[in-house]
Amino acid sequence: MVVNMELKEIIEKYQPYNEQEAKDKEVMLKYINTFDDVLTRKNEFAHFTASAWVVNPEKTKVLMIYHNIYQSWAWTGGHADGDPDLKQVAQREVKEETGITHTKVLDPTPFSLEIITVNGHVKRGKYVSSHLHLNLTYLIEVEENENLQIKEDENSGVCWVNIDEVEEKSTEPWVKTMLYRKINQKLKDTALTQNNK
């Protein structure tokens, strides 16, 4: 499978927010140019995933799930599994992992970009070796009154978290300080920019 040229172009056009994103963007493009199967889990070194930073309309809360493998409150997301439309993947994962039926993608382009390390683990009775997730995150809005449901094979909780308490909920040190903090700061910066227009 050849990586969709549109996905490559999306990453090439992405404007990094900080040094982490600049470096991860560079590495992602190297992977795309080196391997022809990074959209599927057949590439056991690294493959594309999509996450969603799900906020309420006021952007004061984030919808999180308690992830069974990572044993932590986390964002929603999942593997591309061959689908080059990572925005669609992110949206689908929100619905599958939380039971929500109505979502609004606030921007068709990624809101965040990151490479995430995944430690070896057992999934559905099989061992999965340590690898990397080449991840694009999309900003998605959901009404708080939507009914929430857990997806038992992946998570054991779904709840709204005050945006300033997201880091406290996560037990993954690198993820909460490098990623969640960055995304929330970018969200605040974006709101300030829009308010000053």
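Look at V62 and say whether it is touching a strand residue (DSSP E or B) at 6+ places or on another chain (Cβ under 6 Å), more than 21 Å from Q185 (Cα to Cα) and surrounded by 21 or more Cβ atoms within 10 Å (Cβ to Cβ).
Numbers: touching a strand residue (DSSP E or B) at 6+ places or on another chain (Cβ under 6 Å): yes; more than 21 Å from Q185 (Cα to Cα): no; surrounded by 21 or more Cβ atoms within 10 Å (Cβ to Cβ): yes.
So V62 does not fit the description; no.
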Output for the stretch 156-176, where each listed residue is part of a helix (DSSP H, G or I) and under 15 Å from the mean Cα position of the chain (by Cα): V166, W174, V175, K176
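Identify, from the list L86, L63, L134, the residue that is at pLDDT 95 or above and more than 27 Å from A22 (Cβ to Cβ). I'd like the intermediate steps shown before the answer.
Values: L86 fails: more than 27 Å from A22 (Cβ to Cβ); L134 fails: more than 27 Å from A22 (Cβ to Cβ).
After applying the criteria, what remains is L63.
Name the single residue that is surrounded by the fewest Cβ atoms within 10 Å (Cβ to Cβ) among those in the stretch 131-154 being of a type outside the set (A, V, I, L, M) and more than 18 Å from the chain's Cα centre (by Cα).
Per the stated criteria, the residue is N145.
The values are calculated or read from the model by the stated rules, or taken from the named source; none is laboratory data. Remember, predicted model here, so these are calculated numbers, not experimental data. FYI the Cβ positions are ideal-geometry reconstructions off the backbone, even for glycines, and counts take in every protein chain you see.
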